[in-house]
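Since the structure comes first, as structure tokens, the remarks are kept for the end.
The values are calculated or read from the model by the stated rules, or taken from the named source; none is laboratory data. Given the structure is predicted, the values throughout are model-derived calculations rather than measurements. FYI the Cβ positions are ideal-geometry reconstructions off the backbone, even for glycines, and counts take in every protein chain you see. For the accessible areas, the whole protein counts, side chains as well, though only heavy atoms, and no ligand, DNA or RNA atoms are used. Shrake-Rupley method; radii C 1.70, N 1.55, O 1.52, S 1.80 Å.
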Amino acid sequence: MSGKKMLVVWGVLLGGIGAVLAFFGNPGNMAFCIACFVRDMAGAARFHQAAVVQYMRPEIIGLVIGSFGISLVTREYRSTGGSSPMIRFLLGIITMIGALVFLGCPLRMVLRMAGGDLNAYVAFVGFVLGAATGSYFLKKGFSLGRAYDTQKVSGYVLPGILALLLVFSVMTTLFTASTEGPGSMHAPAIISLAAGLIFGAIAQKARTCFAGGIRDAVLMKNFDLLIVIGSLFVAMLVYNLAAGAFHLSFAGQPVAHTEHIWNMLGMYTVGLAAVLAGGCPLRQLILAGQGSGDSAVYVAGMFIGAAICHNFGLASSGNGTTGAGRIACVACIIILLALGIVCKREKK
């Protein structure tokens, strides 16, 4: 099978996993959302007290462990770190702020588009512009510096921690769980974990990255990553049409708001931050699984970002954005633009 056809297969399989999760109980237009699920996990660990978004999501745990496992098997595992970790931590926080202003990561954005949510199409414009802005900075010499090889066991830490969280969530009452709202809607744990493991392995092999797809198209006229994303979109679109879950509208979409400017600016923030960091939230989890300490720091920033958003009223809801969220979003864009200008490759 040719490389292009294989990319289509990978994308269809990823979309199929999203359809399975939606069928078995995950919210239909949130079948798999990195930002939303990290937020739910932060709530389950009591990093925030928003009662409707608390659940230790096995999908996120499976993603990292699936990437970790397949990278070991294919000998792609490499423990690295040291590429501006604190800036990457900040980028993780900023990514979460932008995502929760919009109410979703790039993966959920595409799933919402496949469900007919026109707000997600508006956000997609912002995401493309943000990724294109990041690509411009890359072309002008933006860099966070090189990563260095570290102790091999260093890359085992995040998968190990997440594995322990899974065990504790299944065998103890240590974590809290929502009884209503999005956090209460989930597929059975074993299905969620299996879906995460398979999704993580496929995404690692396909190098799936939403921001990277736009970056490669802009800088190198390479559309391979967009083929994967487009195939994922088509697979979920077919499922939604077959299940009667496709509703073409702005209003009435679950866990979504219709404030177009902020949908666009929220995803502009995510797109720009993702390119500067070297990958979207999904890609960062995959890279963390295959040994990148820098990506693990970014993921930690996302957890803290989720807590900040809900503890300080930055997160949007179905009723719309908040004043604090709008201010934070604009501040994040200013910080990202400043980083894009200041952080340059070292001259030899």
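Worth a mention:
- Pairs from the list Lys140/Lys221; Lys5/Lys221; Lys152/Lys205; Lys5/Lys140 with a Cα-Cα gap above 27 Å: Lys5/Lys140.
- One quarter of the surface of the convex hull around the alpha-carbon atoms of region 249-348 equals 8.1 nm², the direction-averaged projected area.
- Note on surface exposure: Val73, Val157, Val110 rank Val73, Val157, Val110 by accessible area, highest first, 1.4 Å probe.
- Calculated accessible area for region 160-216 comes out at 45 Å² per residue, all protein chains present (probe 1.4 Å; ligands, DNA, RNA ignored).
- Other-chain or far-sequence residues with amide H under 5 Å of Thr80's (modelled H): Thr150, Ser292, Gly293
- Once the C-beta distance of Leu72 and Arg345 is scaled by a Förster radius of 41 Å, the resulting FRET efficiency is 0.80 to the nearest 0.05.
- Partners of Lys4 within straight-line reach, counting aspartates and glutamates whose Cα lies under 15 Å from its Cα and excluding those fewer than 8 residues away in the same chain: Asp224.
- At least 18 Å along the helix axis (C-alpha) and Kyte average at least -0.5, DSSP helices within the chain: 3-23, 58-73, 85-102, 118-139, 157-171, 189-206, 224-243, 260-277, 293-311, 323-342
- Debye log10 I(q)/I(0) at q = 0.15 Å⁻¹ for region 48-134, Cα point scatterers: -0.90
- Accessible carbon and sulfur surface of region 227-278 relative to its total accessible area, %, 1.4 Å: 74
- Mean Cβ count within 10 Å, highest first, over the residues of peptides 303-314, 285-296, 247-258: 285-296, 303-314, 247-258
- Between Asp224 and Ala338, the modelled label-to-label distance comes to 3.7 nm, taking each label 7 Å out from Cα in the direction of the beta carbon.
- Of Leu276, Leu174, Leu197, the one that fluctuates the most in a GNM where the chain has Cα springs shorter than 10 Å: Leu174
- Value of relative contact order over region 15-105, rounded to a whole percent, pairs C-alpha under 8 Å and six or more apart: 27
- Contour minus Cα-Cα distance for Ala177 and Phe233 (0.36 nm per residue): 17.2 nm
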